[in-house]
Amino acid sequence: MNWYVIDKEYVKYLANYDRRVGFVDYGDRLKLHIGVVLTVNNMKYYVPVSSPKEKHFTMSNTIDFHRIEDPDTRRLYAVINLNNMIPVPEDKVTQLFYRDVQNYRAFSDDREKNKYIFLLKREKAIIDRIADKLTEKASRLYKEVVRTPDSKVSKRCCNFPALEEMARRYNTYVKTENGKDLKQEVFNDPEKRFDIQNESIISDAGNDYCVRDFIMDRYEMNKSQNIFIAKRMLVDSIYQQANLEGIAVTYAQTQDIMNNVNVDKLTPNEISKVCCLRDGWKYLLDNIDKKVDLMYIEELHEIVARFDVDYRYLGKLRTEQVLISGTSWKPGLPDYDQIEKVLADIDKEHITDSALKMGLSIMRIQPFQDGNKRIGSFIINKILIENGRGLFNVPVKLDGIFKTKLVEYYENEDYLSFGSWIRKNCLIGIGEIENIKSYDKEDIVRDDRAAVNLGVIEMLRKGFSYDEIAAAYNIEIATISAIHDMKDQLYPEEAPGAQGDVIGDKLDKRNDRIALDR
């Protein structure tokens, strides 16, 4: 790693939008950075090096903090706050050579200058030894902020994805009303600002600058990872989607429907609607590379709305006026060209923004007689999954808030406000699925038969397939099926974990040939 000087005006620019960006200009000296600690999204990250304060002498190394200390004497020379690392364009960073150090710091004489150079060399020697550890920490920290932005660690970090976008916009050509090109530091205009909390560009409607507003990506993975997450979370997705449609189905009932098990307390029509959602997800995943156009949504509508809409209107744009519950606002009749234009508007630089904007626009246009919210939701998920940007699911506890905000969006078309709320509350990514993946590795005591029984039941409730459970516990499908058949009567969701022994005893009595192969 090397020492670098970051352009002070650039750092000041970032600090306007994120208070966690540190100062570098101290009058007669500039704070130095080391790098490159991380390269991601074509951005290189640099981290400031600070003199130790009293509190640092008792602090231990953590994911976002590291002590620069002599390994032999334990003398603390400096500290590195990785939570303050920032992305920097190549033209805003300069490597520091010792011969030029006086250009960035005032010295009273050569003796003071040489002493400072010696200190830098000593610190760099220590940093070089731990360079791999610093880059590994930086990578983990970045993923933590992106995946779990509300965690305790993330809240004390710079908003890395937001700063990356601001870095790209630092020197941008924009056009004024008269068409003249101007090179500006975008958003230094006081009428424009970057809202870090909502992570969207907020601009005054009356200004002359053509800078697109957008919702930032929250997750980033490859397509195969996202498909894996979608399949792993399939039961949960259908359960939440069904409740959003007013079907009071439980997670356990959804799992049973998925496994073609008869479910009491639900009407045949409700069960059929859940099956439609299941079939819609199958269509989505089977056609993940298919272009989202009018034909795509018409085919999807024929699948997901076949128990809500008369067969004469399935997959056909409506020709009659519709009413929206909770508002007097009415959508106009759908237009082929309008819909095709909405479905073609994908910005590869901002996939989440494109997915939300497309899906919500379809909900607002109301192209079909019924089932438009479902179609919009599937469109959002199709675009997100195909491009590795996560899943869209409305948590059951937020159904009411979502519907209220959706009606407000219909009325005022305030996309940024609604989209920002969705990004914060309704997107699922790799972090969440990793928590589920760790379940059978860390939380199950495999040597205990009762725990195995309970573990199988919990995995059934969480949506794992029979094959996944069989692989996890090295047991037969028949055993899992037997546990599944008895789980509701022997282990209801509110039952204590001790019921596992009872399950094991009853399984023996039911069929001596079924055994847990440990």
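Only the coordinates and a few stated rules stand behind these numbers; no lab work does. In this text the structure is predicted, and so the values were computed from the model without any measurement. Because the Cβ atoms are built from the backbone with ideal geometry, glycine has one as well, and the counts that use them run over all protein chains shown.
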Using θ = phi - 60° and Karplus 6.51 cos²θ - 1.76 cosθ + 1.60, couplings along the range 162-170 (whole Hz; Gly, Pro as x): 5, 5, 4, 5, 5, 5, 5, 9, 4
Sum of side-chain charges, Leu314 neighbourhood, beta-carbon under 11 Å (Lys, Arg +1; Asp, Glu -1): -3
Separation of the Asn42 and Val407 label points, Cα + 7 Å toward Cβ, nm: 4.4 nm
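Which chymotrypsin sites (Phe, Trp or Tyr not before Pro) from the range 1-85 combine a DSSP loop assignment with at most 13 other Cβ atoms within 10 Å?
Answer by residue number: Phe23, Tyr26.
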Pairwise centroid distance, computed over Cα atoms, of the range 140-165 with the range 314-358, Å: 33 Å
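Please work out the Cα convex hull volume for the range 2-160 and give it in Å³ per residue. All intermediate terms of the calculation are to be shown ahead of the outcome.
Details: hull volume 19.5 nm³, N = 159.
Cα-based convex hull of the range 2-160, divided per residue, equals 123 Å³.
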Gained length - Asp399 relative to Ser139, 0.36 nm times residue gap less alpha-carbon distance: 90.1 nm
Rounded FRET efficiency, nearest 0.05, which uses the C-beta distance separating Asp289 from Val261 and R0 of 30 Å: 0.40
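If each residue of separation counts as 0.36 nm, what is the full-extension length gain between Ala15 and Glu298 once their alpha-carbon separation is subtracted?
Details: separation 283, 0.36 × 283 = 101.88 nm, distance 4.77 nm.
Gain on extension, Ala15 to Glu298, equals 97.1 nm.
Between Ile227 and Asp100, what length in nm is gained on full extension when 0.36 nm per residue of separation is reduced by their alpha carbon distance? The partial results should precede the final answer.
Working: separation 127, 0.36 × 127 = 45.72 nm, distance 5.21 nm.
Additional length available on full extension: 40.5 nm.
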Cα→Cβ-extended label distance, 7 Å offset, between Ser50 and Asp28, nm: 2.2 nm
Spin-label proximity, Tyr336 to the range 293-325 - amide N less than 20 Å from point 7 Å beyond Cα toward beta carbon: 293-302, 312-321
Two-site label geometry, Ile63 and Thr148: point separation in nm, points 7 Å out along Cα→Cβ: 0.6 nm
Part-to-part distance (alpha-carbon centres) for the range 226-245 and the range 247-280, which is given in Å: 13 Å
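Within the range 10-70, report the trypsin sites (Lys or Arg not before Pro) that DSSP leaves as loop and that have at most 11 other Cβ atoms within 10 Å. Mind showing how you got there, number by number?
On the way: sites: Lys12, Arg19, Arg20, Arg29, Lys31, Lys44, Lys53, Lys55, Arg67; in loops: Arg19, Arg20, Lys31, Lys53.
Sites meeting the loop and neighbour criteria: Arg19, Lys53.
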